[in-house]
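Readers should treat all values here as calculations from the given coordinates under stated rules, not as data from a laboratory. Computed from a predicted model, the values in this text were never measured in an experiment. Glycine gets a Cβ as well: all are built from the backbone with ideal geometry, and neighbour counts include every protein chain shown.
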Amino acid sequence: MREILVLAPQERDRKAIDAAGLADRYALRLVGSDLDGSAAPDPVALLAEAERLPAAGVVATKDASALLASILGSRRGLPGPRPEAVLAIQHKPTARSVEQEAAPEATPRFAVLGPEPPFPFPFFVKPVVGRLSQNAFRIDAEEDLRGLPGPGADVGRYAEIAGLAGGDPAAVSGFLAEELLAGAEVSLEGYVHRGRVTVVGITDSVKYPGTLSFERFEYPSALPAERQAEIADVAARVVPAFGFDDGFFNVEFVVPESGPAQIIEVNARIASQFAPLLLGLHGRSSYDALFQLALGEDPRWSVEPPGGVAISYALRTFEDAFVAAVPESDPDPDLEILVRPGLHLSEQGVNDSQSYRLAIFTGFGETREEAVARVRERAAGLSFELAPAPAPAP
């Protein structure tokens, strides 16, 4: 069996590999641990360890680890995206410039945030390099700009990896300002193999009402066929414009009722949260295709329209709290518990600017309405014990 390195795996990777039976087809070596969080391994040491191991391919599924995997692949001559392409996609000002050239009709106004507001209020800001809507804010007035947070500890780790990829470590801090967008949000996932773009699936992104926080992701998308074709065309122009090849990507869009779809961002990695949706409805995991790409093979993704609806549900709370107890997850390979007892929510996890994620799980239904009802019923039955956080000292 051919050997594949899974670099800095998250727990979700282990579950997806097991669910797809990939350990029976490949000699897999999981190297290091998740790069997110305080216990993350040193990226230089992780890269040095991985360089000594036999491999025909290397994969990773998060932003920082995907960049690290591209560095390793480039050094060893393995198939996969090149570091300069991954870095260009992950550095949002660079990405916006490429998108504007390749698909100007789908690129919103943007500017690197300086001392003065670049647009009339309101507008949106997000970190120059970031993930999962962390530190992304709507800006309605000058005081909102004064309250923007500084870079987190993970920015320093990413800066080190960016330097290894040939980028400027100093360029990973700061914020990008963009015009506000309105419409349905969707995510198009696909891959590029030898310059040819293949769409794997389009998923609707649904937020908790009145917030910026995602409640659920519904597959397949309810977008009309012509709008799905529109965003597929945009992706086919934009992703190769980065020089990105032989890897998975996903592009997030806002699709208004009228007018062209607008790119929120491009991600140079698999959408790992959607793998159970594809496996449940099509019998094939996107991890299967990811591993084939890592070996330089064409995954030849082709599936019939699904006969149901699958949902990835994110259970959240909107107030900080002390975690006293969490549900048992070991008997349920589908359930991801994202917090642990003994800490406040604000001390753990990867959260956006408005909420705290507690758990992620998948549900299915013959109709969209049935699937939504099932996941909400399951969410209500998860027994998290949360105690109110103490009020801040005066």
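Could you tell me whether segment 123-274 comes out rounded, prolate or oblate from its Cα gyration tensor? Rule is a ≥ b ≥ c as square roots of the eigenvalues, rounded for a/c under 1.5, then prolate if a/b exceeds b/c, otherwise oblate.
oblate
For a footprinting-style exposure proxy, rank 344, 91 by other Cβ within 10 Å, fewest first.
So the ranking, lowest neighbour count to highest, is 344, 91.
Quick one: plug the Kirkwood hydrodynamic radius of the chain (C-alpha pairs) into Stokes-Einstein at 4 °C, 1.567 mPa s, and report D in µm²/s.
Using the Kirkwood radius from Cα pairs, D works out to 60 µm²/s.
With the chain treated as a Gaussian network of Cα nodes joined by springs under 10 Å, which of 224, 299, 79 yields the largest mean-square fluctuation?
Result for the chain, Cα springs under 10 Å: 224 fluctuates most.
Whole-Hz Karplus ³J(HN,Hα) for segment 215-229, in order, using 6.51 cos²θ - 1.76 cosθ + 1.60 and θ = phi - 60°, x for Gly and Pro?
For segment 215-229, the Karplus curve yields 8, 7, 10, 10, 10, x, 5, 8, 4, x, 4, 5, 6, 5, 5 Hz.
For residue 389 paired with residue 84, estimate the spin-label separation in nm (one decimal), with each label point 7 Å from Cα along the Cα-to-Cβ line.
A separation of 4.4 nm, rounded to one decimal place.
Report the gain in length on full extension from residue 328 to residue 232: 0.36 nm times residue separation, minus Cα-Cα distance, nm rounded to one decimal.
Extra length from residue 328 to residue 232 when fully extended: 30.6 nm.
P(r) for segment 256-333: what percent of alpha-carbon pairs falls in each 10 Å bin, starting at zero?
In order of increasing distance, the bins hold 12, 28, 34, 20, 6 percent.
Could you tell me whether segment 71-176 comes out rounded, prolate or oblate from its Cα gyration tensor? Rule is a ≥ b ≥ c as square roots of the eigenvalues, rounded for a/c under 1.5, then prolate if a/b exceeds b/c, otherwise oblate.
Oblate, since a/c reaches 1.5 and b/c is not below a/b.
Given the Cα-Cα distance of residue 346 and residue 180 and 0.36 nm per residue of separation, how much length would full extension add, in nm?
Additional length available on full extension: 57.0 nm.
What shape does segment 171-247 have by the C-alpha gyration tensor, where a ≥ b ≥ c are the square roots of the eigenvalues, rounded means a/c under 1.5, and otherwise prolate means a/b greater than b/c and oblate the rest?
oblate
Residue by residue through segment 251-258, which ³J(HN,Hα) values in whole Hz follow from phi under the Karplus form 6.51 cos²θ - 1.76 cosθ + 1.60 (θ = phi - 60°), with glycine and proline marked x?
Each residue of segment 251-258 in turn: 10, 8, 10, 10, 10, x, 4, 9 Hz.
State the Cα centre-to-centre distance between segment 63-103 and segment 349-394 in whole Å.
If we compute the Cα centre of each part, the gap is 33 Å.
Would you compute, from DSSP H runs of 4+ residues alone, the mean residue ellipticity of the chain at 222 nm, taking -39500 (n - 2.57) per run and dividing by the full residue count, rounded to the nearest 500?
Calculated from helices alone, the mean residue ellipticity at 222 nm is -9000 deg cm²/dmol.
Read phi for every residue in segment 303-319 and hand back ³J(HN,Hα) as whole Hz from Karplus 6.51 cos²θ - 1.76 cosθ + 1.60, θ = phi - 60°, with x for Gly and Pro.
Coupling constants for segment 303-319: 9, 7, x, x, x, x, 10, 10, 10, 9, 10, 10, 7, 10, 10, 10, 10 Hz.
Mind checking the log10 I(q)/I(0) for segment 3-86 at q = 0.18, 0.19 Å⁻¹? Debye, one equal scatterer per Cα, no solvent, two decimals.
-0.72, -0.80
Collect residues whose amide H, placed 1.01 Å from N in the peptide plane, falls under 5 Å from the amide H of residue 139; neighbours closer than 5 in sequence don't count.
123, 124, 125
Hey, could you get me the Stokes-Einstein D for segment 309-388, Kirkwood radius over alpha-carbon pairs, 20 °C and 1.002 mPa s, rounded to whole µm² s⁻¹?
This corresponds to a translational diffusion coefficient of 162 µm²/s.
Return the Rg/Rh ratio of segment 248-394 with Cα-based radii and a Kirkwood Rh.
Rounded to two decimals, Rg over Rh is 1.03.
Which of 223, 7, 277, 180 has the fewest other C-beta atoms within 10 Å, and how do the rest follow up to the most?
Ascending number of Cβ neighbours within 10 Å: 180, 223, 277, 7.
Find, among the trypsin sites (Lys or Arg not before Pro) in segment 179-222, those assigned to loop by DSSP (not H, G, I, E, B) with at most 10 other beta-carbon atoms within 10 angstrom.
For trypsin sites (Lys or Arg not before Pro) across segment 179-222 that sit outside H, G, I, E and B with at most 10 neighbouring Cβ atoms in 10 Å, the list reads 194.
Rounded to the nearest Å, what's the spacing between the alpha carbon centres of segment 16-33 and segment 123-202? Just the number, please.
Their Cα centres are 29 Å away from one another.
Assuming R0 = 45 Å, can you tell me the calculated FRET efficiency for the pair residue 144 and residue 49, based on Cβ-Cβ distance, to the nearest 0.05?
Calculated transfer efficiency: 0.55.
For segment 299-320 and segment 42-57, what is the separation of their C-alpha centers, rounded to whole Å?
With segment 299-320 and segment 42-57 each reduced to a Cα centre, they are spaced 32 Å.
Restricting the count to DSSP beta bridges whose residues both fall in the chain, what percent are antiparallel, rounded to a multiple of 5?
In the chain, DSSP labels about 90 percent of beta bridges as antiparallel.
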